[in-house]
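Worksheet: the structure to be examined is printed underneath.
The values are calculated or read from the model by the stated rules, or taken from the named source; none is laboratory data. This is a predicted model, so every value here is computed, not measured. Cβ atoms come from the backbone with ideal geometry, glycine included; neighbour counts cover every protein chain shown. Areas reflect the complete protein model, heavy atoms only, side chains present, ligands, DNA and RNA absent. Shrake-Rupley method; radii C 1.70, N 1.55, O 1.52, S 1.80 Å.
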Amino acid sequence: MDDVQVRGAATDIFSYLVEYNPSMVREFVMQESQQNDDDILLINLIIEHMICDTDPELGGAVQLMGLLRTLVDPENMLATANVSLCSRAPKHNNI
């Protein structure tokens, strides 16, 4: 969007989603890449906004770059994989 306030709000919402559940966002991006054209993918829109940031200090671009880093961080991927595996494991009651 060309509206700076709307773009900032959208970036904030995306930031909250990535911080809350990066594996959910990662899974969405992977599913979207298999279903849609390359032009309208979320990941492409993020990269485009990073490149076309009109802020001289590149504040929005830096924020989006940090979010992408969170999404592709191997340690973060391993941590979320371990949590999901632990939550699926059967629970044993030791009496």
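Taking the conditions exactly as written (modelled with pLDDT under 85, outside any loop (DSSP other than H, G, I, E, B) and within 19 Å of F14 (Cα to Cα)), does T80 satisfy them or not?
Against the criterion (modelled with pLDDT under 85, outside any loop (DSSP other than H, G, I, E, B) and within 19 Å of F14 (Cα to Cα)), T80 qualifies.
What's the number of the only condition in (1) open to solvent by less than 80 Å² (accessible area, probe 1.4 Å); (2) among the charged types (D, E, K, R); (3) modelled with pLDDT under 70 that K91 fails to meet?
Condition not satisfied by K91: (1).
Of all residues in region 17-35, how many are aromatic (F, W, Y) and closer than 15 Å to P74 by Cα?
Total meeting the criteria: 0.
For region 65-77, which residues satisfy the criterion of being at pLDDT below 85, surrounded by 11 or more Cβ atoms within 10 Å (Cβ to Cβ) and part of a helix (DSSP H, G or I)?
Within region 65-77, N76, M77 qualify.
Could you tell me how many of the residues in region 46-64 are modelled with pLDDT of 85 or more and exposed (fewer than 14 other Cβ atoms within 10 Å of the Cβ)?
Count: 3.
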